[in-house]
Structures are given as C-alpha cells and as structure tokens.
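What follows is calculated from the coordinates using simple rules that are stated; it is not laboratory data. Since we're looking at a predicted model, the values are computed, not measured. No Cβ is skipped: glycine too gets one built from the backbone with ideal geometry, and neighbour counts run over all protein chains shown.
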Amino acid sequence: MFNGQAVKPDENRCAVVAGDYRNGSIGTDSYAGFVHTYNEACASNVTDQCLPPTGDFNAGSVSGQCNQGALSERYITVAGAKDVQAALGFARRTGVTLSVKATGHDYAGRSSRKGSLALWTRKLDSLDYAPSFTPLGSSAPPVQALTIGAGVNLGEVYAFADRHNVTFVGGSSGTVTAAGGYTLFGGHGVLTPLYGMGADRVLEFRIVTPDGEFRTANEATNPDLFWALRGGGGAAFGVVLDATFKVEPAMPLTLSLMRFDATATNTGPFLSLLMNRSAAWAEEGWGGPMDASTLALLTPTLDLDVANRSMEPVAAYVTAQGGTVVLERHPSFYSFYTKYVAASSSTGAGTATFATFRVLPKRLHRSEEGRAAVASMFQSMMAAGLKPYVFQTAPSSYAYAPGSNAVHPAWRDSYWLVGTSLSWESNGAGLEERVRAAALLQEVSGNLTALAPEGSMYPNEADPWTEDWRREFWGEENYEKLLQIKRKYDPDGLLSCWKCVGFEDKQMETDPAYRCMGAFQRTSV
C-alpha cells in the first residue's frame, strides 16, 4: 500500500535497485532517490516514508504500508531556462512551494521539501571546454575554462577535464554536482589549499532568478548576485543552469597514503603528529583527508624525494605501528581519482547519515595548549563511539581577495576542517533512537563550537540543527548582505530551503515541510 492505495510493484525496477541499493548513483540519477534516506522521509515520523526498513533492499521491502515522506509528489525535469520560468510563474500564481534537486547528495535535507513542486536539474548535463574564456562584459584576460551544466557530477567533470588535458579543482565525491551545492556553499577538496575553493574558482553563472529573469552573473555583470552565489548557498537566489570555472593545466601529483590498525593507545600520538605537521604541509601544498589511523594527502609541488622527507616523521610512526606507507607519483589528478577514489568511495548511500564539520583556526595549531585541546576533542569523539575526520583542505596558500565572495571568512585562517558523522541504525529505527542520535550530533557540534568559537560550520557538511546558523555558516556581516541580495531577487520568497538564506527559525514549527527536521532541534530558537 502506498499513501493508502494498493500499488503493484514494478518488479524489474525493484531488481535494479536491489542489486545496487548502496550505490549512490542509483539515487542521484532519479528524482525520487537521495544519497541519505532522511531526504526521502519525514525523519520525525517513522511511518511517513517508503524505504526498506532494514536498510537493505529485498523482496520483503516492497510489502506492507508506505507513504510519501519528504518527496515531492510532482517534479519537473528541467531542460532549460523556460522550464524554470514556467515553474516560478506557476508558483507565483498558485502559492505552491518549490524545491530544487540536482543529485541529492545532501546532509541537511535542503534538496527535498514535502508538498513542493520539485525542479530536478540532473539533466542539465552540458559540458564545454574553452581554451580562452572571458566572462560576459568583462575586460579580464582570458583563461582556460569549463562550462558545466547544473546536473553534471564531479566524476563526469573529472573525466571530461582529463580528456582536454586540464585539471578541475573539486571535491572527493563523484556524485556531487560541480555547479550545485558543492560550489554554492563553498566547495573544498585535495587541491584547494593551493588553488582555492569552488566558490573562488567559478568565473560565471547562468541562472533564472525568482523574478523569472534569465541572468548572467559574474564580476562585471550582476556582481552582487555573483558574490552571493559564491558561497551563499543553493536554492535561495535562483535556479542555476550552468557555471563556468577556471581550470589548471594537467599536472603530476605526489600521493602519500598511510594506514595502520587503530588501538586505544596509538591514535592519540598519530593525531598529534598530524597537527604538528599541518602548517608545514599547508606551505608544501599537501591536501586531503585524514582520520585517527589513516592519511591520504596529495601535492603538486613536491617530487618523491622531497615528499619522502616531508612525510618521514609520520611515516616512521605508522611503520612502527605495523602499518603501510605508500608514496607514489601520478601523472594527473584523474589518475589518482580513478585508482583510489572512484573505485572505493563510499558516501553512506542508503543510510540516514548526518555530519558535523567545523573550520578550526590556525591558532590551535600554534600552541601546546591548542593542540592539546584538539587532541582532547578527538578523544571525546572516539569515547562516544564516533570516528573523527580531518580534512587538510582549507585554502591556506591561495591568494584570496578579502570579501570577494560569501564564503565564511574563517576558511581563510585555517588549515583543517574537522568533524564526524553518525547514522541511526536503519530506516526502521524508532523515534527514540532518532532523537538520541540527533542529540548526540548536536552535543558534538556544541563541543566543536566551544573549542573554536571564531571558526565556522561548513554548510555542506554541517549539523542540520546547528544553532545560530546564520553566523556559523556565513558570519553576521556576510549574512546581512546575503539577505539584502535575497530580498532584491526574490522579494516574494518563492525559494526556500532548510537554514538557507532567508529561512526563518519559526518555520521549524509553523511549516509542515520543515517540522520533520525541526522536531529534533535541541534548543528552542
């Protein structure tokens, strides 16, 4: 039964989904699928969903009762600007709410909205290489660039860039769209320490704003909108159709890969070593993910001999723990990506995975007291059964012009983004278990904030129940400017998403679409 009506299952489609349920591409290539299942369900109503209760898709999954959850009952497959303009006009006439989804790789429930008309942009799949690109109306020198449709994911972008012998600077997950939330909320990855964040590298957007106008936004044309789109978030200022990014030449990279079996006593010294080396590694261009017992960093600046010396203190420790140390040269980023990332990446597909990640200030790396405080935070996470993650991906060596985009300024005074993730056990988890999981996530977020109050939460990987989210995501000054731009281009508030620019905290209680997540907000706001 679906929504109280008898429905005959599509056995062929069920077989396809069952065969690859944990593969994120299954969800991202259809409107109704999302990487994390709470985007499809009403998280606080365990009966308002249509998901396999155990988290595994099998024949038993299609029996019994299920309901619509957070999914829109109607969606438009966007093929161009006219589709968006028609949807905006319809919303203005009827009062229907709108939502925007590309691939649905979303940790905060922003890509779905119960009761909305959804705009699905995954089919905006154009890819163009320009050896000499100048933004509309600009007198800036031309650069190599890629123009990328709003539905194109990073895996597709990396393959296309490699065919044109250039490097696209992006993130690690292949299912994230380059011109979507990745860039609109900031965008970090292994090459961002040297080459900047996604929001730093975009040259131009083409967008339909809520007033129905098709616009180009760059530094010379609609510069206020361009500023807001670079870090100010998605589904707030319009529906992006495509974006153009500067690219780098193809470049060889050196990879350092280390791993050992974690014990109760050997993770603390390892994390301390990582923190002690962070500043030097930033200067050398190393970037990538680490945790309590692994490291995977790349740099385009060092050959194998110099890289070996750079990594020697940490490599010696890992070897002493019986671990493995790999140091190798790759002819291009795509060579590394296909060998290590595309072949083995896991995004928690088919699970209700939440995250909380905070940008830490450099001051914590510069004193014994600061390093001890970070180490204590890691230990408290592990004591709670959580795994701490570190991303050495802050744009610490990138020549940023202060105030040139809406990304939180804390990113410019940082080496590390740190945090953790957690899930409730299965889609069949009871409300009590879900409340406990949400409370634990909020507790960790509070501890991270206390550790580094001048830092910031990264909106793409933030606790969805982040308190004081305007300051945490953008900073108070940036947010006030973003809100003014929002009101200019969307005076009627046609576009809204969870804790995006223009969102009102009272909506957690008054808007049925937001109650599903709002029920878990620990502190009344």
- Task: For region 40-175, give the share of DSSP beta bridges that are antiparallel, in percent and rounded to the nearest 5; count only bridges with both residues there.
- Result: 40
- How would you order 364-370, 350-356, 269-275 from highest to lowest mean count of nearby Cβ atoms within 10 Å? 350-356, 269-275, 364-370
- To the nearest Å, what is the center-to-center distance of region 398-438 and region 80-137, using C-alpha atoms only? 24
- Query: Under DSSP H, which helices of the chain have Cα atoms covering 18 Å or more of the helix axis and a Kyte-Doolittle average no less than 1.6?
  - Reply: none
- What label, among (1) 20, 50, 25, 5, 0; (2) 23, 58, 19, 0; (3) 16, 25, 19, 16, 11, 7, 4, 2, 0, belongs to P(r) over Cα pairs in 20 Å bins from 0, in percent computed from the structure on display? (2)
- When the dipole is taken about the Cα centre of region 65-150, and only Lys, Arg (+1) and Asp, Glu (-1) are charged at their Cβ, what size is it in debye, to the nearest 20? 400
- Message: Per 0.36 nm of contour for each residue apart, how much would the distance between residue 404 and residue 477 grow if the chain were fully extended, relative to their Cα-Cα spacing?
- Response: 25.0 nm
- Amide proton proximity set for residue 253, modelled H, under 5 Å, gap of 5+: 330, 332
- Once phi is turned into θ = phi - 60°, what whole-Hz ³J(HN,Hα) does the Karplus curve with 6.51, -1.76 and 1.60 give for every residue of region 500-512, x standing for Gly and Pro? 9, 4, x, 5, 10, 4, 5, 5, 4, 9, 8, 9, x
- Here the residues of region 81-121 lying in the modelled label zone of residue 504, meaning backbone nitrogen under 16 Å from a point 7 Å along Cα-to-Cβ, are 97
- Message: At 7 Å along Cα-to-Cβ for each site, give me the label-to-label distance between residue 11 and residue 77 in nm.
- Response: 2.6
- Rounded to one decimal in nm, the spacing of the 7 Å Cα→Cβ label points at residue 324 and residue 47 is 5.0
- Item | Linear extension gain, residue 224 paired with residue 2, 0.36 nm per residue minus alpha-carbon span | 75.4 nm
- Helix-derived [θ] at 222 nm for the chain: sum -39500 (n - 2.57) over DSSP H runs of at least 4, divide by residue count, nearest 500? -9000 deg cm²/dmol
- Note on the structure: In the chain the cysteines whose Cβ sits 4.7 Å or more from every other Cys Cβ are 14
- Item | Rg in Å to one decimal, and Dmax rounded to a whole Å, for region 197-241 via C-alpha atoms | 9.6, 29
- Task: Which order do the peptides 430-436, 309-315 take when ranked by the mean count of other beta-carbon atoms within 10 Å per residue, highest first?
- Result: 309-315, 430-436
- Item | Label-point separation, residue 316 to residue 276 (7 Å along Cα→Cβ), nm | 0.9
- Query: Any idea how far the Cα center of region 159-233 sits from the one of region 311-332, in Å?
  - Reply: 34
- Item | Antiparallel bridges, percent of DSSP beta bridges restricted to the chain (to nearest 5) | 85
- Stretched out fully, how many nm does the piece from residue 136 to residue 342 gain, at 0.36 nm a residue minus the Cα gap? 70.7 nm
- Note on the structure: In the neighbourhood of residue 97 defined by beta carbon distances under 11 Å, the net charge of the other residues (Lys, Arg +1; Asp, Glu -1) is +1
